[in-house]
Amino acid sequence: MRRLLTAASVLLPLAVAGGVARAAGEAPADDAVSDAVRRGAYIFNAAGCLGCHTDEKGGGQPLAGGRALATPFGTFHTPNITPDPVHGIGRWSDADFIRALREGVGPDGAHLFPAFPYASYTRMTDRDLLDLKAYLFSRPAVAAPNKPHDLTPPFSWRFLLPVWQWLYLTPGPVPDDPAKPAAWNRGRYLVDALGHCAECHSPRTLLGGLDSDRYLAGNPDGPDGDKVPGITGAKGKGGIGGWSDGDLTLFLETGLTPDGDVAGGAMGEVVRNTTSKLTADDRAAIAAYLKTVPLKE
């Protein structure tokens, strides 16, 4: 009974949130909307763009940026990604967009700080990148200026970013593993590229790169100072191997854990804006992939 009541308490807010789904990643129900925009709406949700690029607490407009992200390296303020030509990305070409998400370089040639998870987005296919751009350009333009980051040296020194990228960025999509099932490959793509789960669920080195030896093993210094749990296939601490596939897919849909608790904080936001909007097949693919990730000791 407790689990049923908890599930109801989770599903009701999700249903209410659906009333503003258009601002949260649904393409308008219009025959004139291109297939690219429709596909892009799904990619937008899977990539978690809404939460990071909207200052919801400050009453900001969707995707107008301004959200503060506190990290051990300082506070980043997310940029405006509406199609506003002055403050947003309205003047970006397709090539500009792909270069930013694949190589971490802006249209003006400036290297981008990796708080923008291009080290994960680089794995996206060209089609998904361009569909995402088509969707973003279908959204209302908002003339909201970007806020400067508040970083401490040497992390504020942009001229060091090419070195960081040389160390931690491997540009380009990752091909499917032909030895693995299709669902596993889809799950890896959703986790590693679109969902960029490692960006929060893996610890970082002193230089701010992901510690590949502790992939998805948890992060004691997550965004806004939160401790982020491990989501490897291990049982017990550091993993979700003790969860059934049904437990995991239900969690991704509703935020409800096997013991009846509900995800809050950043993960609650991810469920609300991202995983609850995926298809059942995609949630199952994520579960299939995560259950195979080893926990390195």
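Among residues of the range 118-142 being crowded, with 17+ Cβ neighbours inside 10 Å and among the hydroxyl-bearing types (S, T, Y), the one that is nearest to P175 (Cα to Cα) is T122. Within the range 197-232, the set of residues being touching a Gly at 6+ places or on another chain (Cβ under 9 Å), in a loop (DSSP other than H, G, I, E, B) and crowded, with 20+ Cβ neighbours inside 10 Å comprises S202, L216, A217, G218, G230, I231. For the range 70-119, the tally of residues that are modelled with pLDDT under 95, part of a loop (DSSP other than H, G, I, E, B) and of a type in the set (G, A, S) stands at 1.
Within the range 128-183, the set of residues being under 30 Å from A288 (Cα atoms) and free of Cβ contacts under 8 Å to residues at least 24 places away in the same chain comprises P175, D176, D177, P178, A179, K180, A182. The residues of the range 50-69 that are at pLDDT 95 or above and of a type in the set (A, V, I, L, M, F, W, C), listed by number, are L50, L63, A64.
When D150, D176, D94, D108 are checked against the criterion of being over 20 Å from the mean Cα position of the chain (by Cα) and closer than 21 Å to S212 by Cα, D176 stands alone in meeting it. No other residue among L278, L290, L295 is modelled with pLDDT of 95 or more and under 20 Å from K227 (Cα atoms) apart from L290. Under the condition of being in a loop (DSSP other than H, G, I, E, B) and either buried (at least 17 other Cβ atoms within 10 Å of the Cβ) or free of Cβ contacts under 8 Å to residues at least 60 places away in the same chain (or both), the residues counted in the range 251-297 number 13.
Filter the range 174-192 for residues that are crowded, with 21+ Cβ neighbours inside 10 Å and among the hydrophobic types (A, V, I, L, M, F, W, C) and give the result. Listed by number, the residues that qualify are L190, V191.
How many of the residues in the range 157-196 are out of contact with any Phe, Trp or Tyr (no Cβ under 7 Å at 6 or more places or on another chain), of a type outside the set (G, A, S), in a helix (DSSP H, G or I) and farther than 17 Å from G104 by Cα? Total satisfying the criteria: 4. Of all the criteria given as (1) surrounded by 19 or more Cβ atoms within 10 Å (Cβ to Cβ); (2) outside any helix (DSSP H, G or I); (3) at pLDDT 95 or above, the one not satisfied by P145 is (1).
The values are calculated or read from the model by the stated rules, or taken from the named source; none is laboratory data. Everything numeric in this text was worked out from a predicted model, so none of it was measured. No Cβ is skipped: glycine too gets one built from the backbone with ideal geometry, and neighbour counts run over all protein chains shown.
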